[in-house]
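Here is the structure we will look at.
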Amino acid sequence: SLSLPSSMHLIQVDSVQRWMEDLKLMTDCECMCILQSKPISIEKDEQNELILSSQYSTCDNLQLLLKRAWIISTELTRITQKLEKNRWQRVHSMTVRVNCHVHSMINEYNTFTRSSSEEMHQLEKLLIDKCSEFTAFTERCLQTEDEEILKSMKSCVNETLTTVAQYFGQLIELVLTQEAQNLLRQIELSGSLYVTESAIGSLFSLAQEGAHLCRIIAKEGGVVALFKICRQDCFRCLYPQTLRTLASICCVEEGMHQLEKVDGILCLADILTDTSHSEATHAEAAAVIAQITSPHLTFTQHLSSFLENMEEIVTALVKLCQEASSGEVFLLASAALANITFFDTMACEILLQLNAMKILLEACSDKRIVDTPFSRDQVVTILANMSVFDQCASEIIQGNGVQLLMEMLFEKSSSGNPAEAAACERVQQKSAVTLARLSRDPEVADAAVKLSCIPRLIKLCRSPTERNNSDSVLVACLAALRRLAVMSPDGLEDSDFQQLVKPRLVDSFLLCTNMEESFV
């Protein structure tokens with residue numbers, strides 16, 4: 001298997017239309033292919049032609065290079081597929097095309113780079129020589145029809161292809177490392193606000209290319225350089241942009257290690273608690289906190305310094321939720337709080353002391369602030385994690401929280417967007433979980449029954465479309481229904497009791513997952 005860079009974006013375009021648009025950019029490649037007798041193939045490729053779009057011709061040069069590199073890596077993968085099927089004509093024409101793209105990529109990069117290292121020049125030469133060798137190999141394979149000779153040549157072609165991919169990967173790695181170093185040098189050495197802002201913007205764009213790029217930036221000291229900016233008052237106006245870039249880089253383990261080394265948590269706590277900073281700065285600091293405490297990350301256990309600053313951070317985030325002027329600010333602050341409640345149970349105790357339940361419930365009644373399923377997902381996550389504490393029940397009752405949980409059981413995606421639909425499922429699931437936990441308290445259970453939660457839970461269990469066919473929503477609803485049935489046995493029809501409450505939970509689950517057949 002080939003080791004190809006994973007940081008390339010997908011460009012799928014209408015080949016003829018784009019070829020016409022991009023003739024100028026692609027001339028060198030296409031002419032060389034024709035000169036080498038590129039066949040006109042009647043075979044339809046699995047993908048549309050992969051051609052650079054003209055919209056990138058004025059774009060940042062590095063983005064152009066990444067697009068070109070992505071095309072090469074895709075072509076190499078497709079050559080492997082054609083080789084397995086012994087499609088020698090296709091293998092050769094695609095090899096010629098890769099050869100041309102490699103030449104173009106190296107020429108383009110050398111026209112805009114300020115200084116290439118000796119190592120870079122050596123790698124470029126190795127790659128170009130190996131590509132030429134590769135093209136010559138595949139051309140020889142075209143000139144013979146002897147199956148035995150082709151069989152023996154195939155292993156040589158495979159070996160050469162692997163080497164091309166290896167040199168190509170090393171070259172791209174070196175280019176990206178060099179570019180990250182250049183940008184970080186600008187950030188560290190420039191006293192100019194404009195130059196620093198421009199370099200941070202380019203670094204942010206680079207970080208958007210994926211985890212691999214983030215690792216390179218972190219390894220080259222990106223986190224250290226950016227926190228240095230966040231500790232200088234003269235760069236205050238750049239704090240939001242700098243923090244946004246940090247949030248991107250800290251999605252990888254190397255970024256997290258760097259953050260620990262430079263006392264990043266303390267710096268974030270200082271920013272969040274400093275009332276002289278703008279709301280935008282506070283919101284972006286909250287985004288970094290949300291990123292580094294994400295429950296999906298497997299490498300948060302070493303964040304020992306986080307516990308030392310947790311009370312300060314949680315207090316500042318609750319204040320940010322309370323004073324948020326927009327839905328986006330509330331989303332970032334509440335996402336950070338939601339993640340922290342997974343991180344340590346002490347966070348829930350702090351939230352109770354800060355009267356956070358009341359603040360979050362009030363925010364939910366303001367449709368300007370809690371305006372999407374994503375925000376409601378964060379709120380109900382916090383409620384679900386806090387609901388393990390007994391004193392939560394009285395706060396839920398006082399804040400009209402049972403009504404909110406009931407409304408959340410009706411959460412539906414209006415756009416049909418997959419991410420939004422998934423968020424709606426999470427809202428339904430977590431509201432049912434919260435109801436199940438809080439209904440230990442007879443007062444909460446009574447309020448839930450009066451608000452007709454039982455019929456709604458039954459509907460969610462029995463109708464797959466109501467829960468978007470989600471099994472996790474079904475399990476949570478069955479659990480909540482069973483808890484409420486214990487507290488209020490009169491609220492259920494006998495058939496509902498016999499099918500949804502009395503059997504083992506797994507049997508009720510199987511019954512409900514097979515119910516969609518009865519709706520057909």
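Has region 139-149 got at least one residue that is in a helix (DSSP H, G or I), touching a Phe, Trp or Tyr at 6+ places or on another chain (Cβ under 6 Å) and of a type outside the set (Val, Ile, Thr)? Yes, there is a match, as at least one residue in region 139-149 is in a helix (DSSP H, G or I), touching a Phe, Trp or Tyr at 6+ places or on another chain (Cβ under 6 Å) and of a type outside the set (Val, Ile, Thr). Residues in region 405-420 that are under 19 Å from CYS477 (Cβ atoms), open to solvent by 40 Å² or more (accessible area, probe 1.4 Å) and part of a helix (DSSP H, G or I): GLU407 alone. Scanning region 504-520 for residues that are open to solvent by 40 Å² or more (accessible area, probe 1.4 Å) and modelled with pLDDT under 70 yields GLU516, GLU517, SER518, PHE519, VAL520. Scanning region 93-111 for residues that are of a type in the set (S, T, N, Q) and open to solvent by less than 30 Å² (accessible area, probe 1.4 Å) turns up SER93, THR95, ASN99, SER104. Taking the criterion of being acidic (Asp, Glu) and more than 30 Å from THR135 (Cβ to Cβ), the only residue of region 162-194 that qualifies is GLU188.
May I ask you to say which residue of ILE172, ILE216, ILE249, ILE187 is more than 23 Å from MET310 (Cα to Cα), within 21 Å of the chain's Cα centre (by Cα) and hydrophobic (A, V, I, L, M, F, W, C)? Selected residue: ILE216, the only one of ILE172, ILE216, ILE249, ILE187 that is more than 23 Å from MET310 (Cα to Cα), within 21 Å of the chain's Cα centre (by Cα) and hydrophobic (A, V, I, L, M, F, W, C). Number of residues in region 430-468 that are farther than 21 Å from THR513 by Cβ and in contact with a Gly (Cβ under 6 Å, 6 or more places away or on another chain) equals 1.
So that you can scan it fast, the table gives a plain yes or no per residue for (1) within 27 Å of the chain's Cα centre (by Cα); (2) within 20 Å of ILE454 (Cβ to Cβ):
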position: LYS358; (1), (2): no, no
position: ASP377; (1), (2): yes, no
position: ILE382; (1), (2): yes, no
position: VAL388; (1), (2): no, no
position: LEU405; (1), (2): no, yes
position: MET408; (1), (2): yes, yes
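Only one of the numbered conditions (1) within 18 Å of LEU460 (Cβ to Cβ); (2) crowded, with 24+ Cβ neighbours inside 10 Å; (3) of a type in the set (Gly, Ala, Ser) is not met by ALA423, and that is (2).
Just one of the listed residues (VAL164, VAL195) is of a type outside the set (S, T, N, Q), modelled with pLDDT under 90 and more than 22 Å from LEU62 (Cβ to Cβ), and it is VAL164. Restricting to region 112-132, name every residue that is exposed (fewer than 15 other Cβ atoms within 10 Å of the Cβ) and either over 33 Å from the mean Cα position of the chain (by Cα) or among the charged types (D, E, K, R) (or both). Within region 112-132, ARG114, SER115, SER117, GLU118, GLU119, HIS121, GLN122, LYS125, ASP129, SER132 meet the criteria.
In this entry, GLN55 passes the filter for residues that are within 23 Å of VAL16 (Cβ to Cβ), modelled with pLDDT under 85 and open to solvent by 10 Å² or more (accessible area, probe 1.4 Å). Evaluate the following for LEU492: is it modelled with pLDDT under 90, surrounded by 23 or more Cβ atoms within 10 Å (Cβ to Cβ) and either closer than 16 Å to GLU411 by Cβ or out of contact with any Phe, Trp or Tyr (no Cβ under 7 Å at 6 or more places or on another chain) (or both)? Taking the combined requirement at face value, the residue does not satisfy it.
Scanning region 392-451 for residues that are under 21 Å from ASP366 (Cα atoms) and of a type in the set (Lys, Arg) returns LYS412, ARG426, LYS430.
The values are calculated or read from the model by the stated rules, or taken from the named source; none is laboratory data. Being a predicted model, the structure only gives us computed values, none of them experimental. Virtual Cβ from ideal backbone geometry, glycine too; neighbours counted across all protein chains shown. Remember, those area values only see protein heavy atoms, side chains included, never the ligands or the DNA or RNA. Shrake-Rupley method; radii C 1.70, N 1.55, O 1.52, S 1.80 Å.
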